[in-house]
Amino acid sequence: MGMTKKDIVLKITDMTSIKQVDVKRIVQKTFDVIVEALNRNEKVELRNFGVFKVKERRARFGRNPRTGESVPVPPRRVVVFKPGLEMKQKIK
């Protein structure tokens, strides 16, 4: 299993003298600000970490796997993440 938000909060709490409840609030607000920016179609660039941005997927035709029938897939917005150089170098 991967790391959860609670794991992040506990790790930051252990590394600092900040109370867990305050760390949790800050971590959640950070996530909220990122989501709000992406919802406004803004790019979120965190130096040495990476870039979050919203990409538009165009409408297309897909296939129903049960029937093989061609079905329309509407356009949609998806969040993409591109890791920064420092992250790329540290993750091997």
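The values are calculated or read from the model by the stated rules, or taken from the named source; none is laboratory data. Everything quoted here is computed from the prediction, not taken from an experiment. Note that we place each Cβ from the backbone using ideal geometry, even for glycine, and neighbour counts take in every protein chain shown.
Is it the case that some residue within the range 59-69 is within 21 Å of T30 (Cβ to Cβ) and either exposed (fewer than 10 other Cβ atoms within 10 Å of the Cβ) or not basic (K, R) (or both)? No: zero hits. The set of residues in the range 3-50 being small (G, A, S) and either under 23 Å from L85 (Cβ atoms) or in contact (Cβ under 8 Å) with a residue 12 or more places away in the chain (or both) consists of A37, G50. The condition of being surrounded by 11 or more Cβ atoms within 10 Å (Cβ to Cβ), modelled with pLDDT of 95 or more and under 16 Å from the mean Cα position of the chain (by Cα) does not hold for I12.
Of the residues R58, R66, R76, the single one that is outside the structural domain of T30 (by TED's automatic domain parsing) and touching a Pro at 6+ places or on another chain (Cβ under 9 Å) is R58.
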